[in-house]
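Engineer: Input: one structure, supplied below.
The values are calculated or read from the model by the stated rules, or taken from the named source; none is laboratory data. Source: prediction; values computed, not measured. Because the Cβ atoms are built from the backbone with ideal geometry, glycine has one as well, and the counts that use them run over all protein chains shown. For the accessible areas, the whole protein counts, side chains as well, though only heavy atoms, and no ligand, DNA or RNA atoms are used. Shrake-Rupley method; radii C 1.70, N 1.55, O 1.52, S 1.80 Å.
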Amino acid sequence: MSEEEQAKIEIWNYIFGFIDPLVVKCAVELGIADTIRATGRPMKLDELSAAIGCAPGPLYRIMLFLVHRRVFGETRAGGEGGSASYTLTPISHLLVRDGQQSMAALVLLMCSPTMLGTWHALSAFVRGGAPPAFLASHGDDVWGYAAGNPAHSKLINDAMACNASMVVPAIVDGCTGVFEGLATVVDVGGGNGTTLQTLVKAIPWINGINFDLPHVIDAAPKHDGVEHVGGDMFLSIPKADAVFMKWVLHDWGDEDCIRILRNCKEAIPEDKGKVIIVEAVIVEEDRSRGLSDVRLMVDMVMMAHTNNGKERTEAEWKSLLSAAGFSRYKIKPIPAVQSVIEAYP
């Protein structure tokens, strides 16, 4: 195939590429993966349509698309001409809502009308003179909007919890030593406490403080070994041996990050304290697909959904930490979009 022919295929994929996550969202809302897993065996179309309560015709078209995308699998009794039964694949296992590493809530958040609408305002913001895309679309930033819209706030917290189900095990498996010698850890921007609950279960010698905005803490369930505290990270942070922040700083511009990091530094002891930052580290020269590609896509999400948020290179992280008064740092890659950045006073 010539480069010109390949380019034509690629542009069609770009034009219609937005369809993939929206059809996956449809599958999550219908509970297709949940139903197949609960049944415990491949399901024929009529069985699946009856179980989830929808018409077989549209469902067949949805499944044809998602099987082609390898989101679901397909087996045929008696060979190629036999009737199809649908199975889970490694991708659809991640769409089971109560699965061990479910990504269903993140799909629902990113494909929600609130989040999708902001993309239409992105070009005006990039051109200059227009407010950030989310602010232009909804009249408030994402956090102010969430505070006034409990349903959207729940979407955010559920999505961050499902991200934790993937990232925290990677931290525990690859970086358990990060938590050695620590008795207390405060999770800043910890949402409903899922991240800290997972950490405390895996690392039983730490006591956890889940710190977030009051309206978030009010809706957080109780977790053993976790104390919920409401407040504002721009004002002060509860004292602890270490501050833990996962996917918090990428929501904010440099000046705000420095304010947050200075408050983190004040919250930890000078001699043994540390700040544990779980964020992406962009490598500009890396043109490979895979996680490098995802990090750049998340940077586009930050541009569309926050006022000044961004993903950062190591040089940018070094600059922020130095400006906030930290003397040194080290970065530990993990098998995830994010890396673990340890910063020391």
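Engineer: Within region 107-145, how many residues are under 30 Å from residue 27 (Cβ atoms), out of contact with any Asp or Glu (no Cβ under 7 Å at 6 or more places or on another chain) and in contact (Cβ under 8 Å) with a residue 12 or more places away in the chain?
Structural biologist: So the answer is 20.
Engineer: Let me ask you something else. Considering only region 264-312, how many residues are free of Cβ contacts under 8 Å to residues at least 60 places away in the same chain, outside any helix (DSSP H, G or I) and over 26 Å from residue 242 (Cα atoms)?
Structural biologist: 8
Engineer: Output yes when any residue across region 320-334 is under 30 Å from residue 127 (Cβ atoms) and without any contact (Cβ under 8 Å) to a residue 12 or more places away in the chain, and no when none is.
Structural biologist: Our first condition is that a residue be under 30 Å from residue 127 (Cβ atoms); within region 320-334, this holds for 320, 323.
Within this subset, residues satisfying the condition of being without any contact (Cβ under 8 Å) to a residue 12 or more places away in the chain are none.
The answer is no; no qualifying residue exists.
Engineer: Are any residues in region 313-333 surrounded by fewer than 18 Cβ atoms within 10 Å (Cβ to Cβ), of a type outside the set (S, T, N, Q) and assigned to a loop (DSSP other than H, G, I, E, B), and if so, which ones? First the steps, then the outcome.
Structural biologist: Of region 313-333, the ones surrounded by fewer than 18 Cβ atoms within 10 Å (Cβ to Cβ) are 313-316, 318-319, 322-323, 325, 327-328, 330-333.
Adding the requirement that they be of a type outside the set (S, T, N, Q) leaves 314-316, 318, 323, 325, 328, 330-333.
Selection gives 325 alone.
Residues checked against (1) under 19 Å from residue 345 (Cα atoms); (2) at pLDDT 95 or above; (3) touching an Asp or Glu at 6+ places or on another chain (Cβ under 7 Å); (4) of a type in the set (Ser, Thr, Tyr):
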residue: 258; (1), (2), (3), (4): yes, yes, no, no
residue: 261; (1), (2), (3), (4): yes, yes, no, no
residue: 265; (1), (2), (3), (4): yes, yes, no, no
residue: 271; (1), (2), (3), (4): yes, no, no, no
residue: 289; (1), (2), (3), (4): no, no, no, no
residue: 294; (1), (2), (3), (4): no, no, no, no
residue: 297; (1), (2), (3), (4): no, no, no, no
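Engineer: Being within 22 Å of residue 179 (Cα to Cα) and open to solvent by 10 Å² or more (accessible area, probe 1.4 Å), is that true of even one residue in region 277-296?
Structural biologist: So in region 277-296, the residues within 22 Å of residue 179 (Cα to Cα) come out as 277-281.
Cutting the leftovers down to open to solvent by 10 Å² or more (accessible area, probe 1.4 Å) gives us 281.
Checked against the condition, which is being within 22 Å of residue 179 (Cα to Cα) and open to solvent by 10 Å² or more (accessible area, probe 1.4 Å), region 277-296 yields at least one hit.
Engineer: Considering region 90-107 alone, what residues qualify as being open to solvent by 20 Å² or more (accessible area, probe 1.4 Å) and among the polar types (S, T, N, Q)?
Structural biologist: Those that are open to solvent by 20 Å² or more (accessible area, probe 1.4 Å) and among the polar types (S, T, N, Q): 100, 101.
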